[in-house]
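These notes concern the structure reproduced below.
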Amino acid sequence: MAGRNHLFVPGPTNVPEAVQNAMHRNMEDHRSPDFPKLVRGLLADLPAIFGSTKGQGFIFAASGSGMWEASLVNTLEPGSRVLVARKGQFSQLFGDAAQRLGYQVDAIDVPWGMPTPPGELEAALRADAAHAIKAVLVVHNETATGVTSDIGAVRTAIDAAGHPALLFVDGVSSVGSLACRMDDWGVDAFISGSQKGLMLPPGLGVLCLSPRALERVGTSTAPRAYFDLRPMIASNATGYFPYTPAVGLLHGLRASLDLLKAEGLPNVAARHHRLGNATRAAVTAWGLKTCCQVPSAASDTVTTIMVPDGLDAIKVIEHAYRNYNLSLGGGLARLAGKAYRIGHLGDVNELMLVGAIAGAEMAMRDAGFALTAGAGVAAAEESLRAART
Ligand SMILES: *Cc1c(COP(=O)(O)O)cnc(C)c1O
């Protein structure tokens, strides 16, 4: 098919030309005397994308899910109790990972479409007078439902309960796109991966730990091997890795961090807000609903669009891909067939988004939706024009 695939899944996302070019190189010796120059620069610049000057950044050949494991096994004693707020497939999986690693998992479940409830977290922590709960696990941007949680409010809730639990935040679909304030929010482990807001191919897990979490790394008795941060900290201090890093991706990460810095993180977040608003304007014009139930919590990186009863979201995705070379995200787990997702994060601009909205609209009409042709496109255009002027 002529032209490019329109990649509008919420990860992997488009890889900017500057990042592609940075990775297009022969391999090199990762033990060479020159290698630390690259590594030191990356590790110095990494905490900024999490909103941290105090934290320490880590890079693994892994994916976001690997960083769930890395953060847990390096900071918690085996069998510790953790509290997870579940409100979508990724927060469910974060809790599942903890359970499979032998932690005792308490869960607060809210309906999919709702953000993390700070009040319920506070109540659960107050009830834990003995401080058995060692960590609170929260997903910042729930990619399944398109809902962004207020992590500052989560921190306030933990403090109001006077509870010493560590705060772990999954930022896989927020870091590099949405405003992240790790230090202000008192996040102890902020987790991400390469293929979403960082605009890289999949293959890197990135993590930032607070000074308080870092202290635990040395004292925890948990068994760890690949994800053990102790040899990582020792090697990184000399500009190297304890094993072979993903050399090509590291060069891509250099370019990606440079792009984010050049645009400015507040501008990056503002661009995502314009894209999110325009997508939501289209959904409203289609007469459809998003999964997100709280307008102020609507995600600026992914929109989950509910499909009316009797219609099939899987057909929309198929028509979009086959007829228009547009890749849309599927509904996950209990939302399979009932919703589809438009990812609008990373290297995306206004007209790319309008193209995707046009394609989604055409695919929905192909799948039998009663929509007025152009309604969503018109609404998105006006939203984007209003945001520019
Ligand atoms: C994509 C995603 C993950 C999983 O990341 P992988 O890189 O696929 O392991 C975890 N959490 C959230 C919120 C995500 O969006």
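The values are calculated or read from the model by the stated rules, or taken from the named source; none is laboratory data. Please read these numbers as outputs of a predicted model, since none were measured by experiment. With ideal geometry, Cβ positions are generated from the backbone for all residues, glycine too; neighbour counts draw on all protein chains shown. Please note that ligands, DNA and RNA were not included when accessible areas were found on the heavy atoms of the full protein model with its side chains. Shrake-Rupley method; radii C 1.70, N 1.55, O 1.52, S 1.80 Å.
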- Message: Which of the strands (runs of 3 or more DSSP E) found entirely inside the range 235-349 contain at least 3 residues meeting this: touching a Ser or Thr at 6+ places or on another chain (Cβ under 7 Å) and at pLDDT 95 or above?
- Response: 302-306, 339-343
- Task: Could you check, for the range 95-104, whether at least one of its residues is in a strand (DSSP E or B) and within 30 Å of Glu263 (Cβ to Cβ)?
- Result: no
- Query: How many residues does the range 326-354 contain that are within 15 Å of the chain's Cα centre (by Cα) and surrounded by fewer than 21 Cβ atoms within 10 Å (Cβ to Cβ)?
  - Reply: 1
- Message: Checking the conditions here, which among Ala298, Ala234 is in the same structural domain as Ala360 (by TED's automatic domain parsing) and of a type outside the set (Phe, Trp, Tyr)?
- Response: Ala298
- What do you reckon, is Asp188 of a type in the set (Asp, Glu) and open to solvent by less than 30 Å² (accessible area, probe 1.4 Å)? yes
- Item | Residues located in the range 68-94, provided they are of a type in the set (A, V, I, L, M, F, W, C) and within 14 Å of Val217 (Cα to Cα) | Ala70, Leu72, Val73, Leu76
- Could you tell me which of the residues Val175, Val187, Val139, Val154 is under 17 Å from Gly346 (Cα atoms) and touching a strand residue (DSSP E or B) at 6+ places or on another chain (Cβ under 7 Å)? Val175
- Sort through Gly193, Gly146, Gly197 and tell me the only one that's at positive phi, touching a residue at least 40 places away in the same chain (Cβ under 8 Å) and open to solvent by less than 30 Å² (accessible area, probe 1.4 Å). Gly146
- Query: Name the residues in the range 355-372 that are surrounded by fewer than 18 Cβ atoms within 10 Å (Cβ to Cβ), assigned to a helix (DSSP H, G or I) and free of Cβ contacts under 8 Å to residues at least 60 places away in the same chain, would you?
  - Reply: Arg365, Asp366
- Query: Looking at this structure, is Pro36 within 21 Å of the chain's Cα centre (by Cα), in contact (Cβ under 8 Å) with a residue 24 or more places away in the chain, part of a helix (DSSP H, G or I) and away from the ligand (no atom under 14 Å from the Cβ)?
  - Reply: no
- Extreme residue, surrounded by the fewest Cβ atoms within 10 Å (Cβ to Cβ), among residues of the range 72-102 that are within 12 Å of the ligand (Cβ to nearest atom) and more than 20 Å from Gly146 (Cβ to Cβ): Asp96
- Query: Can you pull out the residues in the range 50-59 that are in contact with a strand residue (DSSP E or B) (Cβ under 8 Å, 6 or more places away or on another chain) and within 9 Å of Met182 (Cα to Cα)?
  - Reply: Phe50, Ser52, Gly55
- Note on the structure: If you go through Leu249, Leu259, Leu229, the only one that is touching a Phe, Trp or Tyr at 6+ places or on another chain (Cβ under 8 Å) and surrounded by 15 or more Cβ atoms within 10 Å (Cβ to Cβ) is Leu229
- Sole exception among (1) open to solvent by less than 30 Å² (accessible area, probe 1.4 Å); (2) within 16 Å of the ligand (Cβ to nearest atom) for Met114, by number: (1)
